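Down below is the structure, laid out as structure tokens.
The values are calculated or read from the model by the stated rules, or taken from the named source; none is laboratory data. This structure is a prediction, so every number in the text was calculated from the model and none was measured. Every residue, glycine as well, gets a Cβ built from its backbone with ideal geometry; the counts of neighbours run over all protein chains shown.
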Amino acid sequence: MAVSRAEIVDSNLRAALAARAALPPAPPLDLDAPWAAGSPMTGREALACFEAQLSSRLLDLEARELKSRNEGFYTIGSSGHEANAVVAAVTRPTDPAFLHYRSGAFFVRRARQVPGLTPLLDVLLGIVAAADEPIAGGRHKVFGSVPLNIPPQTSTIASQLPKAVGAAFTLARQARLGLRGPVPADSIVITSFGDASSNHATACTAFNAAALATHQHLPCPVLFVCEDNGIGISVRTPEGWVARRFEAFAGIQYFFGDGRDLADAYRAAAAAAAYVRETRRPAFLHLRVVRLMGHAGSDVEQLYRSPEEIAAGEAEDPVLRSALSLVEAGVLTATEALALYDDLRDRIEGLGREAAARPKLETAAQVVAPLAPHDPARVAAEAGRAPDPEARLAFWGGRLPEADRARHMAVLINRALGDLFVQHPELMLFGEDVARKGGVYHVTAELQKRAGLGRVFNTALDETSILGLAIGAAGLGMLPMPEIQYLAYLHNAIDQLRGEACSQQFFTNGQLSNPMVVRIAGLAYQKGFGGHFHNDNAVGALRDIPGLLIATPSNGRDAVGILRTLVASARAMGRVAVFLEPIALYMTKDLHADKDGLWSFDYPAPGFHIPLGEVGVYGDGDQLTIFSYANGLWMSLRVAARLEAEGHRVRVIDLRWLNPLPVEAMVEHALATGRVLVVDECRVTGGVAEGVIAALVDEVDGLTIRRVAAADTYIPLGGAANLVLVQEPDIEASARALLARPRPRPARVG
């Protein structure tokens, strides 16, 4: 059986202090004077940081005790990383902090800067998954706090870095737009991570985005804090790699501090934080630390580290070193240090017992309550709110969009975006090519000219940083509308939606949110252009994200109404939404015949919107219901017209909402005919039809159901695409097969 290194680390500290207590004490230090030669840190601050270090260490030990009693569920600790207390000491509690999961000392030290908080109990409530834990409500153990401006981290490696850069970029952008954010304008943003995480593609995205801002003379006051313990779980970081890499990183100023030495760590942190605050440029603070007691309680590090290597790390214990250094400097005596340690231990053990007795989440409804808030009345009130008439008239140069002739979808989306700019001064639209060019399909044409450079701007060609910017901006009160140029490109960066944006309300019990609408040009059926990365029908990864609103229009009128509802849901409810714009329908004007103009629409004046869950209904036939969306809807209407010309009675339903599906409306229209055809332009596996059919089977007995869906394949170039995508003859053949079957008598389940 492996030896408990937690007991050894604990006994090492106690033995060292006991040995020092046997010697004469050093002369007492004036606590308001520097405690070490040349250090800007006073003895009083050193003592405060040391107490935070001790608290963090004892929380780690208590987490393992709780686990041993089956009362705790999290043992990834901060032991060896306690130098991050100094980062909290040299920054403000109003500086947003996106933290590493080994940030116990930072959390405790920052909490001491805000009266009335209980950081020790709060951490323990997270460890035992108590329902009244103040940030996540028992859903996860995180370092997070609304009053401390610490959004909780997830377990996805480095995923907090892009949003930290986004928040830093937004601080200056808000000032440029004359908007007041939730934190002071001279704030800086802090984000911490490990040396192994610095190699992750997501981290590299963030470093690049921050450096690029410096190169373009754009303010980006972010402090990257790399806590370098030399190992990622069991994989060693090559010696010297972090320093060599970031000393030479253009656009990010490098600072180094020894995290095993409290005075040196404070010196480096103070210099780095001051640089960022004064210059508004990014800095990289490299703290050399150690990892004690393994990666987590379940990690048997003796399997991959020698006893000598483990013992050498324990000899560099920063808490032990801080204790002895403060005793030698006369900040406190060894006896006082031991008494402080024992007092904190007793308090934390008592708080651990209290935390373990607190109520836990007991129902599924409790768990999911904050995930996807929706209040139809609030959303409708926001969506129906019209922009200021005079401001709107000025924005459009004296001619309002509704005075124009009927137009196709691309133009109507453009007009809707313009009105949203007038209505929401905090709205920002950004992405690749969206500014002067107006997007690849000119959907955002002229919007930069009308709304201004500060609100419509291009980004680097990097979807992760685009979404990270959106998350950071949303957290500071902006209403971001990032554009992802093609659906296939989203998959490079989808964890920013899955792991970060959509999880925020869940892991903060509804206290924090990332309101945004992500516009994505996507789906297939482009003529004379495409291949997989421009004709992409993969929505399964999006529909898999809990709490994400997904909608797609089939025509320009609906596009305006849906977009207004998504923006209202973001603003009123804090929701994250994806507006999936079908590329092949952007310029479509006709439905049945050339120049019939049936797919061109007048611009709906402000106030019009399409509520969440409201479907589009075409016809009232009682023989067959066709459910579809986007391109499939357009094709289904053409097929229905041919069937109706032969006397068949068909209704076609535009789903519009892909997540959540409009189940109530689906059931109503399925019951009306008993025969259902689902036309899904996405794939057989992971497409929309799977969810539609499953929901109908759950709710209705006796239906006759078929589906038409695209093949499970990437989409090839040219005419070969039509071999694997749904075509009108496929829809018609399936519809006729259903119509030939006896009329069923469906009924609601139960």
* Structure fact -> Over region 243-260, the set of residues among the hydrophobic types (A, V, I, L, M, F, W, C) and buried (at least 18 other Cβ atoms within 10 Å of the Cβ) is F246, I252, F255, F256
* Structure fact -> Subset of region 581-610, residues surrounded by fewer than 23 Cβ atoms within 10 Å (Cβ to Cβ) and outside any loop (DSSP other than H, G, I, E, B), comes to A584, F601
* Asked: Which one is surrounded by the most Cβ atoms within 10 Å (Cβ to Cβ), of the residues in region 427-468 that are among the β-branched types (V, I, T) and more than 19 Å from the chain's Cα centre (by Cα)?
  -> T444
* Odd one out for F255 among (1) more than 17 Å from A36 (Cβ to Cβ); (2) touching a residue at least 40 places away in the same chain (Cβ under 8 Å) -> (2)
* Structure fact -> Of (1) without any contact (Cβ under 8 Å) to a residue 40 or more places away in the chain; (2) part of a loop (DSSP other than H, G, I, E, B), L179 fails just (1)
* Asked: When only residues in region 101-119 that are surrounded by fewer than 24 Cβ atoms within 10 Å (Cβ to Cβ) and of a type outside the set (S, T, Y) count, which is farthest from A168 (Cα to Cα)?
  -> G116
* Asked: Across region 67-90, what is the total count of residues that are in a helix (DSSP H, G or I) and crowded, with 22+ Cβ neighbours inside 10 Å?
  -> 8
* Structure fact -> P546: passes all of (1) over 18 Å from F506 (Cβ atoms); (2) assigned to a loop (DSSP other than H, G, I, E, B) but (1)
* **Total residues in region 495-509, condition more than 8 Å from the chain's Cα centre (by Cα) and among the hydrophobic types (A, V, I, L, M, F, W, C)** => 2
* Would you tally the residues in region 327-386 being of a type in the set (A, V, I, L, M, F, W, C), under 30 Å from T42 (Cα atoms) and free of Cβ contacts under 8 Å to residues at least 60 places away in the same chain? => 1
* Can you confirm whether region 400-410 contains a residue that is surrounded by 14 or more Cβ atoms within 10 Å (Cβ to Cβ) and closer than 30 Å to R139 by Cβ? => no
* Asked: Being surrounded by fewer than 16 Cβ atoms within 10 Å (Cβ to Cβ), part of a loop (DSSP other than H, G, I, E, B) and modelled with pLDDT of 95 or more, is that true of even one residue in region 722-731?
  -> yes
* Single match in V688, V708, V652 (criterion: in contact with a Ser or Thr (Cβ under 6 Å, 6 or more places away or on another chain), more than 19 Å from D622 (Cβ to Cβ) and surrounded by 23 or more Cβ atoms within 10 Å (Cβ to Cβ)) -> V708
* Residue among V652, V617 that is within 27 Å of Q526 (Cα to Cα) and touching a Phe, Trp or Tyr at 6+ places or on another chain (Cβ under 9 Å) -> V652
* At least 3 residues that are in contact with a helix residue (DSSP H, G or I) (Cβ under 6 Å, 6 or more places away or on another chain) and among the aliphatic types (A, V, I, L, M) in each: list the strands (runs of 3 or more DSSP E) lying fully within region 619-662 that qualify. => 650-654
* Qualifying residues in region 469-499 (those that are assigned to a helix (DSSP H, G or I) and touching a Lys or Arg at 6+ places or on another chain (Cβ under 6 Å)) - the one surrounded by the fewest Cβ atoms within 10 Å (Cβ to Cβ) -> I471
* Structure fact -> Filter region 532-548 for residues that are buried (at least 24 other Cβ atoms within 10 Å of the Cβ) and touching a helix residue (DSSP H, G or I) at 6+ places or on another chain (Cβ under 7 Å); the one that is farthest from A488 (Cα to Cα) is N535
